[in-house]
Each structure stands twice: as C-alpha cells, then as structure tokens.
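Report on one structure; see the data block that follows.
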Amino acid sequence: MKQTIISESDPKISYSPGHWSQFPGPVGQEQTTSTYGASFNFRFNISEGGTVEVYGSLHPSTNSSIVPKSVYDVDTTNQFVYTARWVALSTPVTNFYNSSPLSAGTHTLYVSMLSSNPYYFDSIQIYDPLAVADPASSASSSATPTASQITSSTMPVAAIVGASLGGLVLLASIIMAAFFLRRRRRESRLSRPSFAAGVAKLH
C-alpha cells in the first residue's frame with residue numbers, strides 16, 4: 001500500500017479561476033474560497049481497489065450555522081455531499097471525503113462548493129494497494145519502533161532483572177539459614193553436660 005499526498009499547491013490540481021486564494025492554515029498553506037460554485041478537479045491514476053481522500057481545515061465562525069457545504073465526485077458517478085460541523089477552535093487535517101474502492105486506471109476527482117461559507121482545502125491523499133512505497137518512507141517507518149516492538153524489546157530486560165533479584169533473595173536466604181543452623185549447633189554443644197564432669201561426680 002502506497003500513500004501519496006498531493007498538497008493544495010500541486011499544479012495538477014485545477015481550480016476554477018478567480019475563486020480561490022491562499023490562506024496560512026494551522027499546519028501550512030491552504031486554498032480557501034467563499035464563492036458558491038467554486039470548484040477544483042484532480043486527475044490521477046490508481047490500481048484496482050485504491051481510494052482517494054480529501055482533507056482540509058475547519059475554522060470557527062461567529063454563527064454556528066455558518067459552515068461550509070461541498071460536494072465530491074469521482075468520474076461523475078457517485079456524488080457525496082459534506083456539511084462541515086461548527087467548531088470553536090481551528091481543526092486541521094479534517095477528512096472531508098473518502099471514495100469507495102476504485103477500478104484500475106485514470107480517474108478524475110471533482111469538488112464543488114454548495115455554499116458561500118468559507119471553505120479551506122489542504123490536500124488530496126491517494127491510497128494505492130499495488131504501488132510500492134518509497135524506500136525513504138519505508139526506512140523511516142522501519143526505524144521508528146511500534147508499541148508492540150517496544151513492549152517485546154523491554155520484556156526480556158524485565159525478565160532478566162526479575163530473575164537476578166530472585167537469585168539474590170534465594171542466595172541471601174541460604175546464607176541466613178546456614179548462619180542460624182551453625183549458631184544453633186554451637187549453642188547445643190555448649191549446653192550439653194560433659195561426660196568427664198559426670199564421671200568426677202560419681203567418685
């Protein structure tokens with residue numbers, strides 16, 4: 001599975017002229033519009049079963065009813081309408097659209113505004129199940145340990161420490177037992193009556 005991220009500034013994205021402008025978003029530049037009917041489209045190739053997604057940001061407004069509304073479509077076959085939720089704080093990297101699995105070949109994503117409320121577009125992400133991921137990203141992901149890898153690597157250390165402590169406790173117990181046993185035998189010998197003393201009393 002290969003993930004490809006196309007930023008809003010990619011020249012392959014075609015915007016309707018005069019409707020869009022750049023905006024300094026929470027995590028980088030975004031394209032924004034407040035024009036009903038403003039649109040953009042993007043043509044891409046993908047393997048069988050791949051998907052395309054659209055991401056943007058949500059920003060607070062003074063009125064909870066002022067939210068952007070947009071429509072998404074791949075190859076004009078299955079439209080999806082997204083009505084954003086109202087937010088009190090800016091929310092970056094918000095998913096606006098997920099396509100269904102696509103057939104292999106070339107497709108075109110169409111996005112159009114259904115309101116004049118501010119819309120902020122950040123990126124398109126393509127997931128191709130048959131494409132090979134870039135070596136750099138693979139090396140990065142393999143160099144970063146997962147939670148399970150961290151757990152599996154720390155478990156032997158914990159086991160070794162536990163075994164060492166257990167061994168020390170056992171050794172200390174043996175030494176203490178030997179000390180008390182030796183002391184008890186010594187006291188027993190000192191308290192036992194001497195045979196020679198008994199013979200002297202008989203005479």
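Which ones in region 64-81 are without any contact (Cβ under 8 Å) to a residue 40 or more places away in the chain and under 14 Å from Ser116 (Cα atoms)?
Selection gives Ser65 alone.
Restricting attention to region 45-92, which residues are touching a His at 6+ places or on another chain (Cβ under 6 Å) and closer than 30 Å to Ala133 by Cβ?
Val74, Asp75
Is one or more of the residues making up region 56-75 assigned by TED's automatic domain parsing to the domain that holds Phe121 and in contact with an Asp or Glu (Cβ under 9 Å, 6 or more places away or on another chain)?
yes
Collect the residues in region 25-59 that are of a type in the set (A, V, I, L, M) and modelled with pLDDT under 95, keeping them in residue-number order. Outline the logic, then answer.
Pass one, region 25-59, residues of a type in the set (A, V, I, L, M): 27, 38, 46, 52, 54, 58.
Correct list: Val27 only.
Identify all residues within region 28-66 that are in a loop (DSSP other than H, G, I, E, B) and not hydroxyl-bearing (Ser, Thr, Tyr); write none if there are none. Can you show your working first?
Step one: list which residues in region 28-66 are in a loop (DSSP other than H, G, I, E, B), which gives 34-38, 47-50, 59-66.
Correct list: Gly37, Ala38, Glu48, Gly49, Gly50, His59, Pro60, Asn63, Ile66.
Taking only region 26-60 into account, find how many residues are buried (at least 17 other Cβ atoms within 10 Å of the Cβ) and among the acidic types (Asp, Glu).
Matching residues across region 26-60 total 2.
In region 10-25, what residues are in contact (Cβ under 8 Å) with a residue 24 or more places away in the chain and loosely packed, with under 11 Cβ neighbours inside 10 Å?
The one that is in contact (Cβ under 8 Å) with a residue 24 or more places away in the chain and loosely packed, with under 11 Cβ neighbours inside 10 Å: Lys12.
How about region 58-90: which of its residues are β-branched (Val, Ile, Thr) and farther than 22 Å from Thr35 by Cβ?
Hits for region 58-90 are Val74, Thr77.
Would you list the strands (runs of 3 or more DSSP E) that sit entirely within region 71-139 and hold 3 or more residues that are exposed (fewer than 13 other Cβ atoms within 10 Å of the Cβ)?
On the way: elements: 80-83, 91-98, 105-113, 119-128.
Result: empty, no element qualifies.
The values are calculated or read from the model by the stated rules, or taken from the named source; none is laboratory data. Quick caveat, the model's predicted, so the values are computed rather than measured. Neighbour counts run over all protein chains shown; Cβ positions are idealised from the backbone, glycine included.
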